[in-house]
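All remarks here apply to the structure that follows.
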Number of protein chains: 2
Amino acid sequence: MDEPVRHLSTAECWAFLREHELGRMAYHLLDEVHIAPINYAIDHDPVTGRHSLLFRTAEGSKLLGVVMNADVAFEVDQVDGEHATSVVLHGRGRRLEEDEEHRAENVPLHPWVDTPKWNVVEIEVTEISGRAFDLSRPWQHMIPDAPR
Amino acid sequence: MDEPVRHLSTAECWAFLREHELGRMAYHLLDEVHIAPINYAIDHDPVTGRHSLLFRTAEGSKLLGVVMNADVAFEVDQVDGEHATSVVLHGRGRRLEEDEEHRAENVPLHPWVDTPKWNVVEIEVTEISGRAFDLSRPWQHMIPDAPR
């Protein structure tokens with residue numbers, strides 16, 4: 001059979017991240033690993049050519065986690081019939097200073113939930129990779145009106 | 001306005017996990033946090049009444065990560081029109097011994113990708129919580145054929 005996993009190029013990974021707005025961030029909090037859904041947008045610095053992720057958050061464990069330990073991982077995926085795509089990145093999270101927060105105004109960052117989130121966090125990406133899978137789900141054909 | 005976030009009961013969290021089969025695991029690997037999509041199933045011990053998650057994996061960073069540090073977090077979410085649900089759990093990952101691996105045969109654990117995965121990992125759940133959100137996405141109405 002054909003190889004069921006294809007690796008995405010870096011450009012394909014970024015294009016995929018631009019097409020989506022919900023991911024999950026893994027982060028440290030003291031000696032535990034935590035995970036949370038995150039509504040993000042991609043920022044692009046035209047001078048350096050560098051891409052990064054931005055998100056808004058309230059004071060809480062996510063913000064405390066990245067302030068205490070900047071090491072984070074982030075994942076975005078999509079399942080569509082017989083195919084799935086997953087992009088994973090590693091990076092460094094940091095809270096933007098007040099004079100940088102305007103960057104969040106210039107990207108399509110739309111918090112999905114209408115609760116106050118005053119802090120902007122940037123994830124500077126150090127490593128990104130993506131995989132596209134051909135799914136092997138024969139049992140799906142046995143389920144009437146199976147989801148996705 | 002109404003409170004846009006509702007907390008799920010523990011029973012609702014488990015029901016949500018049973019209805020899904022794709023989540024993302026956050027785990028330690030040396031001093032870094034990692035994240036990976038995981039195709040899982042729920043196992044239930046009728047004697048103890050205890051629930052846990054099972055998944056299959058090849059030799060690789062996920063298995064190495066949980067063997068070196070059992071602390072993991074796991075997230076499953078669903079976005080559906082104006083509503084989103086996210087369940088997050090913490091737990092301890094461990095590779096099942098050979099004489100326990102039959103447990104993976106007794107649950108609806110269907111690896112989506114047809115690559116060899118000989119190891120079964122169990123996540124013993126120590127903490128579980130879930131949130132249901134009313135989404136505030138007015139811009140969606142401006143996008144023809146917006147996804148989801």
Some residue of the stretch A:59-69 being more than 15 Å from A:Gly93 (Cβ to Cβ) and surrounded by 13 or more Cβ atoms within 10 Å (Cβ to Cβ): no
Considering residues of the stretch A:70-84 that are under 13 Å from the mean Cα position of the chain (by Cα), surrounded by 17 or more Cβ atoms within 10 Å (Cβ to Cβ) and not acidic (Asp, Glu) only, the residue farthest from the other protein chains (Cβ to nearest Cβ): A:Val76
A:Val88 among the hydrophobic types (A, V, I, L, M, F, W, C), farther than 27 Å from B:Thr126 by Cβ and surrounded by 18 or more Cβ atoms within 10 Å (Cβ to Cβ): no
Extreme residue, surrounded by the most Cβ atoms within 10 Å (Cβ to Cβ), among residues of the stretch A:19-55 that are within 13 Å of chain B (Cβ to nearest Cβ) and more than 18 Å from B:Pro37 (Cα to Cα): A:His28
Lone qualifier among B:Glu59, B:Glu12 - being away from every other protein chain (no Cβ under 14 Å) and part of a loop (DSSP other than H, G, I, E, B): B:Glu59
Residue within the stretch B:52-67 that is more than 15 Å from the chain's Cα centre (by Cα) and under 30 Å from A:Pro108 (Cα atoms) present: no
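A short reminder: the numbers here are calculations on the coordinates, not readings from a lab. Because the structure is a prediction, the values reported are computed rather than measured. Virtual Cβ from ideal backbone geometry, glycine too; neighbours counted across all protein chains shown.
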